[in-house]
Amino acid sequence: DVENDDQLYECPMCSLTCANIQILEEHVDLHLEEDSFSAGGNIRDLELAQWLQTEEDKQQKSEEEKREREEFKKLQRQYGLDNSGGYKQQFLKNMEREVDRGKMEPFEYHKRKADMMECLAFGIDDGKTKTSGVIEALCKYYQNENKDVRRVWLSAGVDHFHSSLGDRGWGCGYRNFQMLLSSLLQNSLYNDCLRDTTLIPSIPKIQSMIEDAWREGFDPHGASHFNNRLHGSKAWIGACEIYSLLTNLRIKCQIIDFHKPTGPMDTHPRLFEWILNYYSTDNEGGAKVVCTSKPPVYLQHQGHSRTIVGIEEKKNRTLCLLLFDPGCPSQEMQKLLKQNSDGTSLKLLRKFVGSLKEQQYQIVAVGGVLSLEEKTARCRASQVLTSEKIP
């Protein structure tokens, strides 16, 4: 309690009344210390929060970079760009596994190894995955078939090649090139272009041939994807590599890109129409079975490629492609050589519009020979664009 005539001092910060100035000063100093402590605490809390956020960002960035590295390595393994060896290494490794499992005798291992090394030295395919005579057998079958096929067009003789111990899982593009080449080698129009390629090349040789095309200047963008090297790898190839290889041999070809579905249920009827036009042009006669001089067509989609060797037109006007698949083993293909009357083995080859439902397809179609000037022009053009899109 204070006397009424004593002066009172009110705190400007909390309105507390003090009896004298000294008490007020001490009281105000306490306020200031509290404010200073509180402000300092806030600063320390902010610094701590910022530090924690920075550390969290670093951790997330590190984890993201690790995921990206792992994903990149996964893609490298998937596409054969992980320096894990190529055809020869995989062939030997798979044969060793067969020996370990008791599925192959050691003497057979050494014989097959010697045969493989000899073929690789000469750059030729060993022919052990080849099936010949299927096109001829199909001609005979269709001559006698009278149930539902109105007309059929077939490529000139095409040998089927399937993947072996050395390229299983990645060699489909190379095997399809072998199929295409087997037909071109039987066509005198291409004799001059192929005078240095009289036998079917091995997969490592095909890799070297693509590298030759890159060195000539074809498709530098695609070459950089492979670091300009295929030989000794298990790298997948696609339509652009086939185009570069053929054009470098002075074989006229084009890539056509069916970049989106053109029919219901994600189908590609325009692809079928294009193939029908390809085979039927210059073959408008009335024969039911037309054995054309047309080479087969390379067909690519995400993750796999096949070879189109013909097309059926049913009596109800629906279309059906005939495909050689490098994933189909010789034992199955040889069934086509003894085609029975009901054509059940043809299921291996037949693909209707509803069967091809990938989002995008590319084809490589051959159509003649290039002059040296045309080859040079196409090389320059490939440095910018190599495909035509079908809208």
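The values are calculated or read from the model by the stated rules, or taken from the named source; none is laboratory data. Model, not experiment: these values are computed from the prediction. Every residue, glycine as well, gets a Cβ built from its backbone with ideal geometry; the counts of neighbours run over all protein chains shown. These area figures cover heavy atoms from the full protein model, side chains too; ligands, DNA and RNA do not enter into them. Shrake-Rupley method; radii C 1.70, N 1.55, O 1.52, S 1.80 Å.
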Options GLY86, GLY102; residue that is open to solvent by less than 90 Å² (accessible area, probe 1.4 Å), modelled with pLDDT of 80 or more and in contact with a helix residue (DSSP H, G or I) (Cβ under 7 Å, 6 or more places away or on another chain): GLY86
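One line per residue, one yes/no per condition, for (1) exposed (fewer than 14 other Cβ atoms within 10 Å of the Cβ); (2) at pLDDT 80 or above; (3) of a type in the set (Phe, Trp, Tyr); (4) over 30 Å from ARG229 (Cβ atoms):
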| position | (1), (2), (3), (4) |
| --- | --- |
| GLU56 | yes, no, no, yes |
| GLN76 | no, no, no, no |
| LEU81 | no, no, no, no |
| HIS110 | yes, yes, no, yes |
Before we move on, is ALA235 part of a helix (DSSP H, G or I), at pLDDT below 95 and not basic (Lys, Arg)? no
Any chance CYS119 is at pLDDT 95 or above, open to solvent by 20 Å² or more (accessible area, probe 1.4 Å) and under 22 Å from GLY85 (Cβ atoms): no
Being surrounded by fewer than 22 Cβ atoms within 10 Å (Cβ to Cβ), in contact (Cβ under 8 Å) with a residue 60 or more places away in the chain and touching a strand residue (DSSP E or B) at 6+ places or on another chain (Cβ under 9 Å): is that true of VAL149 here? yes
Going through region 225-259 one residue at a time, which ones are open to solvent by 60 Å² or more (accessible area, probe 1.4 Å) and either touching a strand residue (DSSP E or B) at 6+ places or on another chain (Cβ under 9 Å) or polar (S, T, N, Q) (or both)? ASN227, ASN228, LYS252, GLN254, HIS259
Check region 191-201 and report whether any residue there is in the same structural domain as GLY368 (by the TED database), of a type in the set (A, V, I, L, M) and in contact with a strand residue (DSSP E or B) (Cβ under 6 Å, 6 or more places away or on another chain). yes
Please work out if GLY327 is at positive phi and among the small types (Gly, Ala, Ser). no
Evaluate the following for LEU180: is it under 29 Å from LYS338 (Cβ atoms), in a helix (DSSP H, G or I), touching a strand residue (DSSP E or B) at 6+ places or on another chain (Cβ under 8 Å) and at pLDDT 95 or above? yes
Restricting attention to region 128-146, and to residues there that are open to solvent by 30 Å² or more (accessible area, probe 1.4 Å) and of a type outside the set (D, E, K, R), which single residue is farthest from ILE206 (Cα to Cα)? ASN146
Six or more apart or on different chains, Cβ under 7 Å: which pairs go from a residue in region 186-206 that's modelled with pLDDT under 95 and part of a loop (DSSP other than H, G, I, E, B) to one that's surrounded by 13 or more Cβ atoms within 10 Å (Cβ to Cβ) and among the charged types (D, E, K, R)? Could you list them? CYS193/ARG250
Could you run through region 132-168 and say how many residues are under 17 Å from ARG350 (Cβ atoms) and either of a type in the set (Val, Ile, Thr) or in contact with a helix residue (DSSP H, G or I) (Cβ under 8 Å, 6 or more places away or on another chain) (or both)? 12
